[in-house]
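Notes for the one structure printed next.
The values are calculated or read from the model by the stated rules, or taken from the named source; none is laboratory data. These numbers come from a predicted model, not from an experiment. In this analysis, Cβ positions are derived from the backbone assuming ideal geometry, glycine residues included, and neighbour counts consider all displayed protein chains. The area values use the complete protein model at the heavy-atom level, side chains included, leaving out ligands, DNA and RNA. Shrake-Rupley method; radii C 1.70, N 1.55, O 1.52, S 1.80 Å.
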Amino acid sequence: MSNRYEKLFSELSSKGEGAFVPFIMLGDPTPEATLDIVRAAVAGGADALELGVPFSDPVADGPTIQASHIRALDGGATVDQALDLVGKIREEFPDLPLGMLIYGNVPFTRGLEKFYSEFGEAGADSILLPDVPVREGKPFIEAADKAGVDPIFIAPARASERTLEGVAAMSKGYIYAISRDGVTGTEKQSETLGLDEVVANVKKFEGAPVLLGFGISEPHHVAEAIAAGAAGAITGSAITKVINEHVDYTPGSAGSIKDPEALASDIENYVRSMKEATRK
């Protein structure tokens with residue numbers, strides 16, 4: 001497990017808190033906006049970040065985050081640009097755990113060893129490939145281990161025990177447990193009645209701390225995730241919707257932020273409200 005994740009979860013546990021981890025798409029709508037959004041999220045109390053690398057076919061994402069991929073790509077986002085942004089974020093926040101969410105075509109295209117070493121050197125602590133199941137993960141795990149990067153796998157809500165056992169054994173840093181079937185997005189909320197069972201099913205195989213995602217958009221969702229035994233919660237689409245409200249964007253062209261100060265304020269306040277829910 002990354003020392004940053006290990007330190008974070010240990011400190012939060014000693015304070016009786018859970019982790020709140022916002023997802024932010026790199027380059028949406030511009031690299032400069034990304035850095036401002038990251039700073040606002042950290043100011044609001046984000047315990048770690050999950051950073052997305054724009055991709056043309058994000059099959060695990062719902063319409064809100066799909067739109068953020070497209071905006072970033074229309075603005076000229078590339079993997080090299082993402083690496084540069086990760087490096088800048090790491091330099092500014094040396095102790096903050098940084099997890100990456102990247103689709104599997106990217107490591108295939110760049111070559112596994114090169115891909116993991118590049119992101120490791122840039123400052124990433126972990127990499128989650130949402131379209132690579134644990135049963136196909138061996139070459140990715142080997143490359144990640146060699147580069148000192150934590151491989152993360154998704155624990156589906158209704159996965160078999162064999163799958164969950166593999167996820168628990170192979171994930172380092174944290175385990176990404178999803179609260180319901182389907183894609184990302186707040187259009188379909190977490191299935192709160194089953195959260196205890198979802199978390200318990202993953203934790204029975206021990207392994208890394210469990211972070212719960214999908215459909216988590218309000219403070220009470222965070223509180224429910226932690227009450228169910230999760231170490232924290234990840235929010236993506238709700239953060240992206242806040243950004244949407246401030247973006248001036250025409251499909252096919254680069255977007256911009258209409259009022260950067262207003263966006264930063266809204267992001268900081270939203271993250272603060274979600275973080276506060278980890279303490280209840």
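Worth a mention:
- Computed from point charges on the beta carbon alone (+1 for Lys and Arg, -1 for Asp and Glu), the dipole magnitude for segment 3-277 about its Cα centre is near 520 Debye.
- Antiparallel %, DSSP beta bridges [both residues in segment 3-277], to 5: 5
- Sites Lys146 and Ser56, calculated FRET efficiency, Cβ-Cβ separation with R0 22 Å, nearest 0.05: 0.20
- Computed FRET value (nearest 0.05) for Arg158 with His220, which takes r as the C-beta separation and R₀ as 30 Å: 0.80
- Estimated inter-spin distance, Asp84 and Asn269, nm [label 7 Å along Cα→Cβ]: 3.3
- GNM remark for the chain: springs join alpha carbons under 10 Å apart, and the peak mean-square fluctuation among Met170, Met100, Met25 falls on Met170.
- Translational diffusion of the chain, estimated by Stokes-Einstein from the Kirkwood radius over alpha carbon pairs at 20 °C in a medium of 1.002 mPa s, is 117 µm² per second.
- Across Lys7/Lys241; Lys7/Lys172; Lys114/Lys138; Lys172/Lys204; Lys138/Lys275; Lys146/Lys203, pairs whose alpha-carbon gap is larger than 23 Å: Lys7/Lys241; Lys138/Lys275; Lys146/Lys203
- At most 13 other Cβ within 10 Å, DSSP loop - GluC sites (Glu not before Pro), segment 201-280: Glu206, Glu245
- Computed from the C-beta positions of Glu92 and Ser13 and an R0 of 25 Å, the FRET efficiency is 0.45 to the nearest 0.05.
- Percent carbon-and-sulfur accessible area, the chain, ignoring ligands, DNA and RNA, probe 1.4 Å: 49
- Accessible surface calculations at 1.4 Å, restricted to protein heavy atoms, place the chain at 41 Å² per residue.
- Most to least accessible of Lys275, Lys114 (protein chains only, probe 1.4 Å): Lys114, Lys275
- Whole-angstrom gap from segment 260-279 to segment 1-79, using each part's C-alpha centre: 14
- Cα-Cα pairs of segment 48-207 separated by more than 25 Å (percent): 31
- Hypothetical label at Ala169: residues of segment 111-133 whose amide nitrogen lies under 17 Å (7 Å Cα-Cβ projection): 133
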